[in-house]
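S.K.: Sending over a structure as structure tokens; questions will come in a sec.
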Amino acid sequence: MFPDWETLPYDTFSPHQDLISERLATLWRILQSKDRAHAEAVDLLLIPATTALYRIAPPSFLAATTFHFKQKQKLDEAKFKAQLTLAGYAHVSQVVSPGEYAVRGGLIDLFPMGSLVPYRVDLFDDEVDSIRTFDPDSQRSLYPVPEVRLLPGREFPVDDDARKQFRTRWRELLEGDPTKSRIYKDMSAGIATAGIEYYLPLFFDELATIFDYLHDATLVLHGDVNASFERFWQDASERHRMSQGDPERPALPPASLFLSQEQFYGFCNGFEQLALKDTAPDATEFIASTLPYLASQRDSEEPLVQLKAHIQTSKHRVLIAAESEGRRESLMDFLRASHIVLPVFDSLEEFQASDEKAGMAVAPLAAGFAWNEGAIDFITETELFAAQGHVRRRKRQEQASDVEALIKDLSELKVGDPVVHTQHGIGRYKGLVNLDMGQKNPDGSPALQEFLHLLYADDAVLYVPVSQLHQIGRYTGVSADEAPLHRLGSGQWEKARRKAAEQVRDTAAELLNIYARRALRQGHAFKYSPDDYERFAKDFGFDETPDQRAAIHAVIQDMISPKPMDRLVCGDVGFGKTEVALRAAFVCITGGKQVALLAPTTLLAEQHFQTLTDRFSKWPVKVMEMSRFRSAKEITAAQKGIADGSVDIIVGDAQNFLSEKTQFKNLGLLIIDEEHRFWRAA
């Protein structure tokens, strides 16, 4: 599978690093497929139609930036680190994701792009002594490997020559002053800004396409790809039009980034082709077809009436497939509740050999379909619970143009409110207006574009396209009525920005000093039992989200490190921050130290106390609370328990925590809930 970037054209953020890793690995394997005997040759490549329109880095780039090293090979550490940096790898303190490397003495940890696991390279002087995989969560070494393949860290080069070419082609292909663009300045400094992928033509003399990687292939075009192409190009052209006029992010024309339909089919003509098109519902010559609507009606007295009717009336036999044996049992219970009892089969052959009209089996199918040749309808939970359809609708909503969402955000502004434009300074919001920019709709009518109407000093007016809303921020200075409006073109705003930048540098220097001194301090490296931790984690009643899992991993890695921890965990209400704190508390307590949880209000303290008491009920852990909900006697007992070490976890508000009577015997972890609400007190 060659995955998409999963971004919209001209998005201001970059694809996820895992997607880049998978794309580079797939391209490398396609190149190796010229040798059909190669161990990683690709037999079947799946690619979304619109993804095939994207222009990509030429094969020569991948060939020149991919290298291998083996055990017992000579390896200069300094040159190797420089090579990794030039290849786009990030130097980090601990390797957890593809495209990262870390150096600790004679050990080099690296996570190659396209690899499923990271590697630990042990150097003996200038020789590779051993190469082992390791677990990015526990950081423990696993099994040895003879060699490692390193793909580039990005889909474009970042060396000095590439940056020079980027600057040269920027001036050739884009209008305006490049020094006003943060992307231009960042790339000149070797920093790959978010969204840099849509400037790919600036890195190469000529881009390639997926067809340049293929060799002696047969192309299968499935479905109505023309409709997909038309929708894609309409969206790309519209997003390009809306991106124009932004001096910080000037947009390249779509033709330099994507293939047109004519160009796509022109490349296709160089390969053998097979087109599979959808036909009428009564067609029988196709191998498979879609199923009718079979979703359960959960609010109905007979939720599976659609399935019952299908089993009775369909000319095909019906086999319901569950993902696993456990899911099969759950599904059978659900079917029995609707008086549907089906026999279980161990294989498709066993079902075909039987005379049963319907049955159940275990098969990891993503979705069901009607197998016309075998006269069997395969039905999965996707059809019965309509889960997949819901996911698709949600994804389309996420990928839809967000102009409506921006307007909803603007509805929070009132006419007359002061706002700040990143380029022009403080103005006053006067509402939204529609202007005719000379564009035409397909029917010939004017294509009106929506703008923010901003008023500046001396009654000067600035119209800002809604697509550039990211350049507008709320004014948070003095009262709205007294906000000082800037004069357009006066340099007044630039002077204010320079002054603010100086203050930022001063603050940054102060922070660097603080954290440099902090880095020199020695902290406590916690030790804990992985088995006990897993048992505690299993009591969490929900599936961890990817972000939650990453936060838990980062916090625990901080705790087992000898450096003092100072980590801020941010998240919306209900997204699992408390569970992150509970895991950290468990590691601290099993490591022999006490935990203090500080809450901004008495009510929150009580809620945390109840949560902690419930989660630690199976463990020999004593939890107490100090708040207005507790009597003076209970607070005194808690303070005594804290001092003598008999209390493991204490929950409370600032008033009791900051008391001189509160003295800990062996405090190992301080958790501050809603830290920002304590700033005023500090």
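The values are calculated or read from the model by the stated rules, or taken from the named source; none is laboratory data. All figures in this text were calculated on a predicted structure; none of them were measured in a lab. Don't worry about glycine lacking a Cβ; one is built from the backbone with ideal geometry, like all the others, and counts go over all protein chains shown. Protein only, heavy atoms only, side chains kept; ligands, DNA and RNA dropped before computing areas. Shrake-Rupley method; radii C 1.70, N 1.55, O 1.52, S 1.80 Å.
S.K.: Take the range 274-293 and flag every residue that is surrounded by 15 or more Cβ atoms within 10 Å (Cβ to Cβ) and at pLDDT below 85. It would help to see each step written out before you state the result.
M.R.: Taking the range 274-293 as the starting set, the residues that turn out to be surrounded by 15 or more Cβ atoms within 10 Å (Cβ to Cβ) are 289, 291.
Across the range 274-293, the qualifying residue is only S289.
S.K.: Also, quick follow-up: Does Q423 satisfy being open to solvent by 20 Å² or more (accessible area, probe 1.4 Å), outside any loop (DSSP other than H, G, I, E, B), in contact with a helix residue (DSSP H, G or I) (Cβ under 9 Å, 6 or more places away or on another chain) and in contact (Cβ under 8 Å) with a residue 12 or more places away in the chain?
M.R.: Working: open to solvent by 20 Å² or more (accessible area, probe 1.4 Å): yes; outside any loop (DSSP other than H, G, I, E, B): no; in contact with a helix residue (DSSP H, G or I) (Cβ under 9 Å, 6 or more places away or on another chain): yes; in contact (Cβ under 8 Å) with a residue 12 or more places away in the chain: yes.
Against the criterion (open to solvent by 20 Å² or more (accessible area, probe 1.4 Å), outside any loop (DSSP other than H, G, I, E, B), in contact with a helix residue (DSSP H, G or I) (Cβ under 9 Å, 6 or more places away or on another chain) and in contact (Cβ under 8 Å) with a residue 12 or more places away in the chain), Q423 does not qualify.
S.K.: Failed condition for T601, given (1) at pLDDT 85 or above; (2) hydroxyl-bearing (S, T, Y); (3) within 34 Å of the chain's Cα centre (by Cα), with all others met?
M.R.: (1) is the only condition that T601 fails.
S.K.: Which of the following residues is exposed (fewer than 14 other Cβ atoms within 10 Å of the Cβ), without any contact (Cβ under 8 Å) to a residue 40 or more places away in the chain and acidic (D, E): D125, D137? Give the derivation first.
M.R.: On the way: D137 fails: without any contact (Cβ under 8 Å) to a residue 40 or more places away in the chain.
After ruling out the rest, the residue left standing is D125.
S.K.: What's the total number of residues in the range 329-369 that are modelled with pLDDT under 90 and basic (K, R)?
M.R.: Total satisfying the criteria: 1.
S.K.: Tell me which residues, restricted to the range 348-377, are touching a residue at least 60 places away in the same chain (Cβ under 8 Å), under 15 Å from K315 (Cβ atoms) and either open to solvent by less than 60 Å² (accessible area, probe 1.4 Å) or of a type in the set (F, W, Y) (or both). If you could, list the steps in order and put the result at the bottom.
M.R.: Initially, the range 348-377 is screened for residues touching a residue at least 60 places away in the same chain (Cβ under 8 Å), giving 368-373, 375-377.
Checking which are under 15 Å from K315 (Cβ atoms) leaves us with 370-373, 375-377.
Answer for the range 348-377, where residues must be touching a residue at least 60 places away in the same chain (Cβ under 8 Å), under 15 Å from K315 (Cβ atoms) and either open to solvent by less than 60 Å² (accessible area, probe 1.4 Å) or of a type in the set (F, W, Y) (or both): A370, W371, N372, A375, I376, D377.
S.K.: What is the one condition in (1) open to solvent by 80 Å² or more (accessible area, probe 1.4 Å); (2) in a loop (DSSP other than H, G, I, E, B); (3) at pLDDT below 80 that Q297 does not satisfy?
M.R.: (1)
S.K.: E674 - would you say it is among the acidic types (D, E), open to solvent by 50 Å² or more (accessible area, probe 1.4 Å) and within 35 Å of the chain's Cα centre (by Cα)? Steps first, answer last, please.
M.R.: Details: among the acidic types (D, E): yes; open to solvent by 50 Å² or more (accessible area, probe 1.4 Å): yes; within 35 Å of the chain's Cα centre (by Cα): yes.
It is true that E674 is among the acidic types (D, E), open to solvent by 50 Å² or more (accessible area, probe 1.4 Å) and within 35 Å of the chain's Cα centre (by Cα).
S.K.: May I pose another question? Here are L469, L448: which of them is closer than 22 Å to Q234 by Cα, among the hydrophobic types (A, V, I, L, M, F, W, C) and assigned to a helix (DSSP H, G or I)? Can you show your working first?
M.R.: Values: L448 fails: assigned to a helix (DSSP H, G or I).
Residue meeting the stated conditions: L469.
S.K.: Please go through (1) over 24 Å from F586 (Cβ atoms); (2) polar (S, T, N, Q); (3) at pLDDT 80 or above for S659 and return the number of the only condition it doesn't satisfy.
M.R.: (3)
S.K.: Let me ask you something else. Looking at the range 517-542, I want the residues that are farther than 18 Å from A554 by Cβ and of a type in the set (D, E, K, R) and have a partner that is open to solvent by 60 Å² or more (accessible area, probe 1.4 Å) and part of a loop (DSSP other than H, G, I, E, B) with Cβ atoms under 8 Å, at least 6 apart or on another chain. Which pairs are those?
M.R.: R521/K563; D539/K618
S.K.: Also: Output the residue which, of all residues in the range 593-610 that are open to solvent by less than 40 Å² (accessible area, probe 1.4 Å), hydrophobic (A, V, I, L, M, F, W, C) and assigned to a helix (DSSP H, G or I), is farthest from K640 (Cα to Cα).
M.R.: L604
S.K.: For the range 516-592, please list each of the helices (runs of 4 or more DSSP H) lying entirely inside it that holds at least 2 residues being aromatic (F, W, Y). I'd like the intermediate steps shown before the answer.
M.R.: Details: elements: 530-538, 546-560, 577-590.
Result: 530-538.
S.K.: Would you pick out the residues in the range 476-506 that are touching an Asp or Glu at 6+ places or on another chain (Cβ under 9 Å), modelled with pLDDT of 85 or more and not in a loop (DSSP other than H, G, I, E, B)?
M.R.: Within the range 476-506, no residue meets the criteria.
S.K.: Can you tell me which residue within the range 520-575, out of those that are under 13 Å from D137 (Cα atoms) and β-branched (V, I, T), is surrounded by the fewest Cβ atoms within 10 Å (Cβ to Cβ)?
M.R.: Result: I560.
S.K.: For L448, are the conditions met, namely being modelled with pLDDT of 85 or more and not aromatic (F, W, Y)? Full working, then the answer.
M.R.: Working: modelled with pLDDT of 85 or more: no; not aromatic (F, W, Y): yes.
For L448, the condition - modelled with pLDDT of 85 or more and not aromatic (F, W, Y) - is not met.
S.K.: Identify the residue in the range 466-504 that is among the aliphatic types (A, V, I, L, M) and touching a residue at least 24 places away in the same chain (Cβ under 8 Å) and, among all such residues, is nearest to T422 (Cα to Cα). Step through it out loud before you land on a result.
M.R.: Taking the range 466-504 and keeping what is among the aliphatic types (A, V, I, L, M), we get 466, 469, 472, 478, 480, 483, 485, 488, 496, 500-501, 504.
Restricting the remaining residues to those that are touching a residue at least 24 places away in the same chain (Cβ under 8 Å) gives 466, 469, 472, 480, 483, 485, 488, 496.
Numbers: V466: 14, L469: 10, I472: 7, A480: 18, A483: 16, L485: 14, L488: 12, A496: 11 Å.
Ranking the qualifying residues of the range 466-504, first place goes to I472.
S.K.: Among what's in the range 163-204 and is outside any loop (DSSP other than H, G, I, E, B) and among the hydrophobic types (A, V, I, L, M, F, W, C), pick the residue that is surrounded by the fewest Cβ atoms within 10 Å (Cβ to Cβ). Before you say what the answer is, go through the steps one by one.
M.R.: Initially, the range 163-204 is screened for residues outside any loop (DSSP other than H, G, I, E, B), giving 163-173, 178-180, 182-188, 196-202.
Narrowing further to those that are among the hydrophobic types (A, V, I, L, M, F, W, C): 166, 170, 173, 183, 187, 196, 200, 202.
On the way: F166: 22, W170: 20, L173: 14, I183: 23, M187: 24, I196: 20, L200: 18, L202: 24.
Across the range 163-204, the extreme among qualifying residues is L173.
S.K.: Shifting gears a bit: Give the range 604-656 a look and list any residue that's modelled with pLDDT under 90, under 22 Å from R583 (Cα atoms) and small (G, A, S), or say none.
M.R.: Across the range 604-656, the qualifying residues are A605, S617, G652.
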